[in-house]
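J.: Please see the structure below; I have some questions.
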Amino acid sequence: MSWWTRIARALRGERLNRELDEEMEAHMADAVQAGCDPEEVRRRFGSQLRHREASRDHKVAAWLDALRADSVFGWRQLWKNRVASGAAIVSLALAMGACTAAFRLLDALVLRPLPIAAPERLYLLTSRGFDPGGSFRTSDSSAYPLFQRLRAVAKDQAELISVSYAERREVTYRSDDEMERANWQFVSGWMFSSFGLKPALGRLLTENDDQKPGGHPVAVLSHSYWVRRFGGDAGVLGQRFRMGNDSYEVVGVAPASFHGTETGIAPDIYVPSMMNPAVVRKDSSWFRTLVHLKEGVRPEPVVERLRGPFQAFQEERAKGFGGSMPPQMISNFLNQTLLIEEAGTGRSAVQQSYAEALWALGALVVLVLLIACVNVANLMTVQAAARSREMAVRVSIGAGRRRLVQLVLVESAWLALLAACLGAVFAWWSAPFVVSLIATPDNMVSLHLPVDWRVFAFGAALLFCVVLLFGTLPAWRASAVKPVSALKGGEPHSRRRLMHGLIAAQVAFCVLVLFVAGLFATTLDRVSHRPVGFTPERLLVVHAVTRQPLPLAAWNQAAEQLQQLPGVESVAQCGWSLLDGNGWNGFVFRQGLPVNNVLSYYLSVSPGWLGTMKIPLLAGRDFRPEDAFPGATIVNESFVRTYLGSESPLGKVFEKTQGSGGPLRFTIVGVVADTRYRNLREPLTPIAFVPRREVTDTTERPLASSTFIIRTASANPMALAQSVRQEIARAQPGLRVDTLRTQTAMIERWTIRERLLAILAAFFAGVALLLAGVGLFGVLNDTVSQRRREIGIRLAIGAPAQDVVRRVVQGTSVMVLLGAATGIAAGFGAARWLSALLFQVRPGEWPIYVAPTVAILLVALMAALRPALQAVRIDPAVTLRND
C-alpha cells in the first residue's frame, strides 16, 4: 500500500469509510430492486471490506495525486513569475522573520515559565503605597529581618525565598592585578532545593549555608559562567576567589537550564544571603521575596496571613524615625499594603523596562506583516486575473470550485513556505541583535533565546495564518470565475474594487506604522536633548576602590598625580557621578521643623568639582580644603525655590535629620544652576552638595572608594583609559579602578530603550513604505495593462494626456487619501496606548501626523510615475490593431 494512502487514512479516517459503505449499500439495493435475490447479491458482491479498501485506495490516491499536481503546477507558476514571486517572498520573509524574532524576545522575557518545579506556584511579595517622595508606587524590595519573620509565619503553607538584585562586581581569582567583573547575586540557601534543581557539578547551596551572618563564604557558579570562564573544568571545585574583603570557595555549578529568577539578567555567581552585611539592618531593602506555595495552597490566604507581621514590622520601623521624617510621610509609610503577584516567568527590572517596549514592537511587526500580506494578496489577485481565461477553461471542462481554491491556495502555500524558510534565518539573526542593542557594559542584559518547540509551534501557526491572510481571498475570487464573461474578456469591476480596498488597508497600516515611528523618534529626541546642567563632553568618570579605607589625603594625592598626566585638564572627586542612578536623600528641617514634604538630594564633592563639571556658580563660593561634612553646603536653584522661597540663601542654616544621632546642620555658602541628579526622565530636584571631607568628633573619616571626574583635552576621553588605570594603581598600594566610563556614555544609558524603539520603528517604517510603494505600483501597473484598449481609444479620439493620467490614478488616489486618514486616526488611539513609552510628546503636534501623510503621498507619487508615463505613451494604432 502506498504512503499516499497511509497519509490519506490519517487525514480522512472514518468519514471516508462511511462514504464508501453507503455507496456499496446503494449498489446492492439497486440489484435487489432489479429482481435479484438479496443473498445472491451479497454472495456475488463478495467481501465488503475488500471492496471498501480497493475503492478507498482509488479515491485517496486521486485526491493526493491532484494535490501533487497542484504543487508542481504552483511551483512552475512561481518560477514563471519569478521576479514578482521573489519580491513577494522577500517582503513576506522580512515580515514573518520580524514576527518570529519579536515572539522569541517576548517569550524569553515575559512568556516562558522558569525551568523549575511547579513555576505556576511561584509568586512575589510586593508592597503598594506612597514612597517618601509622595509618589504612589509598588515596591518589590524588602529588609531581611522582615523576611525572617514572614518566613516563620508562612512555613507550613509556602517557602519564602530571598533573591537579591543582581549586581556587577569585581572578583579576584589570583591577584589584585587580575580583577574581573561578574554578575553577583545573594540567594537563600534553600532556593535550589525548593526549585527542585540538581547540580551540574559538585553541590548547590543548602539551608545550612544560610544560617549565620558571614558564616559560610561558599559560592555556586552558573553553568554558562563556568563554561565561559573556566571552559567547563571540573577542577573549579574548591577554588577560591575574593570579592571585597571576603574570600569564597566554589562548591558547585548550577544546572545548565537555570538562568536565575531575574529574567533578562543572568547571574554568574550565587552566594548565601547571610553573606550580605545588610542582613541585620531593618532599614535596608536589597532583595525580592519569592513565595513558592505548597501544593494545593492558594495565594490569597497566605498573603492575608502575612499582612499582620508586615504591619507590625512597619510600626516598629516608624518608631525609629523619630523626628527625621514629617508626620504625613510616616503616615504614608504605615499605610502600605502587602500584595502577592504571579512570578512564574520570573521578575526583573529588565522586564519592567522593556516588556512594554517589546509588545509595542510586536504590534509594529504585525502591522508590517499585514502590509506584506495585503501586498501579496494584491499580487495574487492580479495573477488570478491574468489567468482568468485559464480558470474559465478549467471550469468548462469540469473543474469544481473546490479544486480551483486548492490550486491557488497551494501556490500561496509555496510562497509562504519559502518566505518562512528565509524569515527563519532573519529571526535567528535579528533577535540576538536586538538584545545587543540593549546590553551595554553598564546595562547587563542576557536573554536565553532557545529554538525549541515553542518557536516552531509559533512559526507553524504564523505560516498557517499568513496563507489564510493573503491566499484565501484571491483563491475565492479566482474560483468564482464565470467562463462566458472571462472568455469574452469582460471588465472585472469587482476585482478592481477589491484591489482598491486592499490598497486603502495597506496605506492605513503603513501610515499607522509611520505615525508610531514618529512618536518614538520624537521621544528619543526629547529625552536625549534634555539639558543636564553641566558639560558632559570630554569627561572621564573613574570609580576607584581599595581593600582598606584610606584617608582623604591619600585620595587627594592620587587626584594630583592624575592631574599631571598629559591630556588632563582638571581632576575632581565625588561620591558618585551625576546621572549614575545612585541617590542619597532626606527631608530638610529648619529650627527643628520640616519645611515641607519634598525630599532633597545630597552629593559629596571636592573643591574644584563645580569647575571640572562646568556647573555655573551663581552666588557665593566654591568649597575650600578646610570645609567638612557636616557644615558648609552649596545648593542648587531648585533647593532655594523649594525650601527658602524669596529669602537670600547665602548664610542660611538648615538641618538634615538621620535615624540615629542628632540632626546634621548645614550652612549655605554657594548657589549653583540646576542639574539632573539620577536620570534624564525625572524633573529637576533640590540638591545640596556637601564637602567630600567628613569629620566626626574631630576625627576625619577614611574612604573605601571615591569617584574621580577627569576633564580631558581630547574629544575621546577613553584614549586616556590605560594611562589612568596605571597611574591610579601606582598612586597608593591596594588602590584599583573599579569602573571607568565616559560621562556621555552614562547619559546615553538612560536612552537605551528610547533608542531601541526609535531605531527599530524607523526600520519597520522604511519597510512599510517600501511595501506600500510596491503595492501601489503593482495596482497602477495592472490598471494600465487591463485598460490598455480603453486608453488607446481615448487617445485616438483626442483625449488630452492629463485626462488619461487622471483616469488611471483617480481611484487609487482616493484610496490612498482614505487610507492615510484612517491611519492617522488609528495613530491617535495608538498614542494613548503607548503613553508609558512616550516622553513629553503630544500626538497633536503637527510634524507627527503631517510627516507620515507627506511620506505616503510622495511614495504614491513615485509609484504612479511609471504607470502614468506608460499610459500616455500607448500607441492607439498598435493597440487597436493587436486587439
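J.: Roughly how many Å² of HIS292 are accessible to a 1.4 Å probe, to the nearest 10?
T.: Roughly 10 Å² of HIS292 is accessible to a 1.4 Å probe.
J.: Residue by residue through the stretch 527-532, which ³J(HN,Hα) values in whole Hz follow from phi under the Karplus form 6.51 cos²θ - 1.76 cosθ + 1.60 (θ = phi - 60°), with glycine and proline marked x?
T.: For the stretch 527-532, the Karplus-derived couplings read 5, 6, 9, 5, x, 9 Hz, x marking Gly and Pro.
J.: Calculate how large, on average over all directions, the projected area of the Cα convex hull of the stretch 520-607 is; give the answer in nm² to one decimal.
T.: The Cα convex hull of the stretch 520-607, projected and averaged over all directions, gives 10.1 nm².
J.: Any idea what angle helix 82-106 forms with the longest principal axis of the chain, computed on alpha-carbon atoms, 0 to 90 degrees, nearest 10?
T.: 40
J.: Compute the separation of the alpha-carbon centres of the stretch 527-541 and the stretch 149-207 and state it in Å as a whole number.
T.: A separation of 38 Å, based on Cα centres.
J.: Here's a follow-up. Name the residues whose placed amide hydrogens come within less than 5 Å of the amide hydrogen of SER604, ignoring near sequence neighbours (fewer than 5 apart) on the same chain.
T.: GLY575, TRP576, VAL690
J.: Okay, moving on. Contour minus end-to-end for GLU180 and ARG497, with contour as 0.36 nm per residue of separation and end-to-end as the Cα-Cα distance?
T.: 107.5 nm is the gain from fully extending GLU180 to ARG497.
J.: Okay, moving on. With every protein chain kept in the model, how would you rank GLU207, GLU560, GLU655 by accessible area, 1.4 Å probe, largest at the top?
T.: Output order, biggest surface exposure first: GLU560, GLU207, GLU655.
J.: Taking only the C-alpha atoms, wrap a convex hull around the stretch 769-883 and report its volume per residue in Å³ as a whole number.
T.: 99
J.: Follow-up question, since we're still on this one. Which FRET efficiency value, to the nearest 0.05, do you get for LEU237 and LYS212 by plugging their Cβ-Cβ distance into 1/(1 + (r/R0)^6) with R0 = 30 Å?
T.: It comes out at approximately 0.80.
J.: Using square roots of five times the C-alpha gyration tensor eigenvalues, list the equivalent-ellipsoid semi-axes of the stretch 109-264 in whole Å, biggest first.
T.: 29, 19, 17
J.: Given the alpha-carbon gyration tensor of the stretch 219-265, what are the semi-axes of its equivalent ellipsoid in whole angstrom, ordered largest first, with each equal to the square root of 5 times an eigenvalue?
T.: Values for the stretch 219-265, descending: 19, 15, 9 Å.
J.: Can you work out the FRET efficiency for the pair TRP453 and THR337, with r the C-beta to C-beta distance and R0 = 51 Å, to the nearest 0.05?
T.: 0.80
J.: For the stretch 552-679, just the Cα set please: Rg and Dmax, both in angstrom.
T.: Cα-based Rg and Dmax for the stretch 552-679 come out at 15.6, 51 Å.
J.: So what are the radius of gyration and Dmax for the Cα set of the stretch 626-757, in Å?
T.: In order Rg, Dmax, the Cα atoms of the stretch 626-757 give 18.8, 54 Å.
J.: For the stretch 735-818, compute Rg over Rh where Rg is the Cα radius of gyration and Rh is the Kirkwood radius from the inverse mean 1/r over Cα pairs.
T.: 1.48
J.: Label-point separation (nm) for ALA796 and PHE464, each offset 7 Å from Cα along Cα-to-Cβ?
T.: Result for the modelled spin labels: 5.4 nm.
J.: With the Cα gyration tensor of the stretch 247-300 giving a ≥ b ≥ c as the square roots of its eigenvalues, does the rule (a/c under 1.5 for rounded; else a/b larger than b/c for prolate; else oblate) give rounded, prolate or oblate?
T.: Verdict is oblate for the stretch 247-300.
J.: Could you tell me which residue out of MET746, GLN77, ALA34 lies farthest along the dipole of the chain toward its positive end? Charges go on the beta carbon: Lys and Arg +1, Asp and Glu -1, centred on the Cα centre.
T.: ALA34
J.: Sticking with this one: Measuring from label point to label point, each 7 Å out along Cα→Cβ, what is the ARG228 to GLU25 span in nm?
T.: Here the modelled spin labels are 6.9 nm apart.
J.: Okay, next question. Filter the cross-link list LYS155/LYS212; LYS319/LYS652; LYS155/LYS198; LYS212/LYS282; LYS155/LYS282 down to pairs whose alpha-carbon distance in this structure exceeds 26 Å.
T.: Cα-Cα > 26 Å for LYS319/LYS652; rest within.
J.: Which FRET efficiency value, to the nearest 0.05, do you get for ARG788 and GLU356 by plugging their Cβ-Cβ distance into 1/(1 + (r/R0)^6) with R0 = 56 Å?
T.: Taking R0 as 56 Å, the efficiency between ARG788 and GLU356 is 0.60.
J.: Hey, what D do you get for the stretch 73-152 in µm²/s if you plug the Kirkwood alpha-carbon radius into Stokes-Einstein at 20 °C and 1.002 mPa s?
T.: In µm²/s, the coefficient is 116.
J.: Related question: So, how do all the Cα-to-Cα distances of the stretch 562-637 break down into 10 Å bins, in percent, from 0 on up?
T.: All Cα pairs, binned at 10 Å, distribute as 14, 42, 33, 8, 3, 0 percent.
J.: With each pseudo-label sitting 7 Å past Cα toward Cβ, what's the LEU861-VAL297 distance in nm, one decimal?
T.: Modelled inter-label distance: 6.9 nm.
J.: Rounded to whole Å and ordered largest first, report the semi-axes of the equivalent ellipsoid of the stretch 728-773 derived from its Cα gyration tensor (root of 5λ).
T.: 45, 9, 6
J.: I'd like to check one number: the per residue accessible area of the stretch 563-662, probe 1.4 Å, reported in Å² as a whole number.
T.: 42
J.: For Cα pairs less than 8 Å apart in space and 6+ apart in sequence, what is the mean separation divided by the residue count of the stretch 81-221, i.e. the relative contact order in percent?
T.: 14
J.: While we're on this one: Placing +1 at every Lys and Arg Cβ and -1 at every Asp and Glu Cβ, with all other atoms neutral, what dipole size does the chain have around its Cα centre, in debye to the nearest 20?
T.: Here the chain has a charge dipole of around 2380 debye.
J.: Based on the alpha-carbon set only, what is the convex hull volume of the stretch 589-632 divided per residue, in Å³?
T.: Taking the convex hull of the Cα positions in the stretch 589-632, it is 118 Å³ per residue.
J.: Let me ask something else. Please report, to one decimal in angstroms, the Kirkwood hydrodynamic radius of the stretch 540-582 built from all distinct Cα-Cα pairs.
T.: By the Kirkwood definition, the hydrodynamic radius is 11.9 Å.
J.: How big is the chain along each principal axis, measuring the range of its Cα positions in Å and listing the largest first?
T.: The principal-axis extents, from largest down, are 122, 82, 51 Å.
J.: Quick one: compute the contact order of the chain, relative version, from alpha carbon pairs under 8 angstrom and 6+ residues apart, as a percent.
T.: Relative contact order here is 15 percent.
J.: Can you quote the Å³ per residue value for the convex hull of the Cα atoms in the stretch 188-248, rounded to an integer?
T.: With only Cα atoms used, the stretch 188-248 gives 91 Å³ per residue.
The values are calculated or read from the model by the stated rules, or taken from the named source; none is laboratory data. As the structure is a prediction and not an experimental result, all values here were calculated from the model. Cβ: placed from backbone, ideal geometry, glycine included. Neighbour counts: every protein chain shown. Keep in mind that these areas ignore ligands, DNA and RNA; they rest on the heavy atoms of the full protein, side chains included. Shrake-Rupley method; radii C 1.70, N 1.55, O 1.52, S 1.80 Å.
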